[in-house]
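The values are calculated or read from the model by the stated rules, or taken from the named source; none is laboratory data. Computed from a prediction, not measured in an experiment: that's the story for all the values here. Here Cβ is always computed from backbone atoms with ideal geometry, including for glycine, and neighbour counts include all displayed protein chains. For the accessible areas, the whole protein counts, side chains as well, though only heavy atoms, and no ligand, DNA or RNA atoms are used. Shrake-Rupley method; radii C 1.70, N 1.55, O 1.52, S 1.80 Å.
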Amino acid sequence: MKIHEFQAKEILARYGVRVPRGKVARAPEEAAAAAKELGGEVVVKAQVHAGGRGKAGGVKKAGSPAEAGKIAGGLLGKPLVTHQSGPRGQMVRALLVEETLPVARELYLGMVIDRETARVTIIASGEGGMEIEELARTRPEKILKAPVHPVSGFMPSQGRRLAFEMGLGKEQAEKFTAFLSGMYRAFVELDASLVEINPLVLTQAGEVVALDAKLNFDDNALFRHPEVEALRDVEQEDPAEVEAGKHELSYVRLDGNIGCMVNGAGLAMATMDIIKLFGGEPANFLDVGGRTDAARVKKAFQIILSDPNVRAILVNIFGGIVKCDVIAQGVVDAVSEMGLKVPLVVRLQGTRVDIGQEILKKSKLDIIPAETMREAAEAVVAASRR
């Protein structure tokens, strides 16, 4: 789950992480009033769940309250299109108006779970304010990593070592270590999946401040943190993804035109890969899970078809916990009731596959059967081009 920058900063501040003074504004006059309270010269930042806001015009400096109000009027109620938002962009409904700081240096600081080591890992760099992916590609030696032992937790020595490797002095290293300690406690105690501070700045007065902040959470742990779940902004999420979540369907919209309905995340990824191998583009990731019934299959079809770009659908099911006959009946019921108007390819394998295939055959519906992954991919790619 993602939250807004202003929410991330409020949380991190409670753990002792230094952040700029700022106020949230949802109207131009509120932005102007916030700028006046903060001293006049401020930064106005669009609050959307997408990176690259600065390059897209979503982060602007204002030299006066009047200018802050004018900038706010140009951002609020309009979509902000960034390299992460997709072509539709994300609607700006709130702004963070912050004080400006005299910056002496910009750094990068992040924290993620490294799946290879099964440890929380600190990522740091003396090159802040730029995309860390690009830095890792062009100058990987600038990326520093420090895995945190799950028993001992974050050790001050780790913070000092990172600080010295980035060229910080002794006093700054101590402040950086304290900053990192608070950040780690927030990550662990709140079951975060990502904390990213880019840039982390050293001010001319020697302070260590989070100029920006991104904080994501593990959806599977939200039941432990109702106060965090309450921060969710569903208006920033794809409506189809929100609807899928209500029915325990794992759905992510993509940019292609071939809808996918699969059981199991691994098979779903393999299905998308083979579609691309044969020249097609998947329109979504959709895992119906292991407790699927006919009603959930119908809902899955509705969600896939909510994307107007879908030109064909591939149902690829390996029957194990979920039985092929249950899926087949769900497909028949959904197609009959909805009057499906796009080509449908169905591949069933596994438990009760013979019964499932017989159900599809007896339905007399225009369903393209496939025995193998290759046959299914070739058929659905061809159908999407009709």
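Distant-in-sequence amide contacts of ALA94, defined by a placed amide H-H separation under 5 Å and a gap of 5 or more residues or a different chain, comprise GLN47. Rolling a 1.4 Å probe over the protein chains gives MET272 an accessible area of about 20 Å². Using a ≥ b ≥ c from the Cα gyration tensor of region 69-120 (square roots of the eigenvalues), is it rounded, prolate or oblate, where a/c under 1.5 gives rounded and otherwise the larger of a/b and b/c decides, a/b for prolate? Note, shape of region 69-120 comes out oblate.
Ranking MET272, GLY245, ALA205 by how far each Cα lies toward the positive end of the dipole of region 174-300 (charges on Cβ) leaves MET272 at the top. Karplus-based coupling profile of region 59-65, in residue order and whole Hz: 10, 9, 8, 10, x, 7, x, with θ = phi - 60° in 6.51 cos²θ - 1.76 cosθ + 1.60 and x standing for Gly or Pro.
Each Lys and Arg contributes +1 and each Asp and Glu -1, all at the Cβ; summed about the Cα centre of the chain, the dipole is approximately 300 debye.
Per residue, how much accessible area does the chain show when a 1.4 Å probe rolls over the protein heavy atoms, in square angstrom? It would help to have the intermediate numbers written out before the result.
Details: 18390 Å² over 386 residues.
Spelled out: the 1.4 Å probe surface of the chain, per residue, equals 48 Å².
When the Cα centres of region 91-111 and region 268-311 are compared, how far apart do they sit, in Å? Going from one Cα centre to the other spans 38 Å. By DSSP, what percent of the beta bridges with both residues in the chain are antiparallel, rounded to the nearest 5? About 75 percent, rounded to the nearest 5.
With contacts defined as alpha carbon pairs under 8 Å and 6 or more residues apart, what's the relative contact order of the chain in percent? Mind showing how you got there, number by number?
Details: 790 pairs, mean separation 47.0, N = 386.
Relative contact order for the chain comes out at 12 percent.
For ASP333, the accessible surface of its heavy atoms amounts to roughly 70 Å² (probe 1.4 Å, protein chains only, rounded to the nearest 10).
Calculated from the alpha-carbon coordinates, the chain shows an Rg and a Dmax of 24.8, 77 Å respectively. For a 23 Å ceiling on Cα separation, which of these pairs sit above it: LYS341/LYS362; LYS9/LYS60; LYS323/LYS362? Distance filter (> 23 Å) returns an empty set. Under a 5 Å amide H cut-off, with hydrogens placed 1.01 Å from N, MET155 pairs with nothing among residues at least 5 apart or on other chains.
Entry note, region 333-385: relative contact order of 44 percent, from Cα contacts under 8 Å with a spacing of 6+ residues. Along region 348-359 the Karplus relation, 6.51 cos²θ - 1.76 cosθ + 1.60 evaluated at θ = phi - 60°, assigns HN-Hα couplings of 10, 9, x, 4, 6, 5, 4, 5, x, 5, 5, 4 Hz to successive residues, with x for each Gly and Pro. Taking only the C-alpha atoms of region 291-349, Rg followed by Dmax gives 11.0, 32 Å.
Using a 1.4 angstrom probe on the protein heavy atoms only, could you order GLU189, GLU337 from most to least accessible area? Intermediate results must be reported in sequence, preceding the final value.
Numbers: GLU189 100, GLU337 125 Å².
From most exposed to least exposed: GLU337, GLU189.
State whether region 281-386 is rounded, prolate or oblate according to the following rule on the C-alpha gyration tensor (a ≥ b ≥ c being the square roots of its eigenvalues): a/c under 1.5 gives rounded; otherwise a/b larger than b/c gives prolate, and the remaining case gives oblate.
Numbers: a/c = 1.40, a/b = 1.25, b/c = 1.12.
Rounded, since a/c falls under 1.5.
Give the residue list of trypsin sites (Lys or Arg not before Pro) in region 244-311 that are DSSP loop and have at most 14 other beta-carbon atoms within 10 angstrom.
Numbers: sites: LYS246, ARG253, LYS276, ARG291, ARG296, LYS298, LYS299, ARG311; in loops: ARG291, ARG311.
In loop regions of region 244-311 (DSSP not H, G, I, E or B), the sparsely surrounded trypsin sites (Lys or Arg not before Pro) are ARG291.
FRET efficiency for the pair GLU371 and THR117, taken as 1/(1 + (r/R0)^6) with r the Cβ-Cβ distance and R0 = 45 Å, rounds to 0.65.
For region 107-170, the Kirkwood radius over C-alpha pairs fed into Stokes-Einstein at 4 °C and 1.567 mPa s yields D = 104 µm² per second.
Defining a contact as two alpha carbons under 8 Å apart and six or more residues distant in sequence, what relative contact order in percent does region 159-301 show?
On the way: 183 pairs, mean separation 21.0, N = 143.
Result for region 159-301 is 15 percent.
The HN-Hα couplings worked out from phi for region 360-367 by the Karplus form 6.51 cos²θ - 1.76 cosθ + 1.60 (θ = phi - 60°) are 5, 5, 6, 5, 6, 7, 7, 10 Hz, whole numbers, x standing for Gly and Pro.
Look at where the Cα atoms of region 27-90 and of region 120-185 average out, and the two centres are 30 Å apart.
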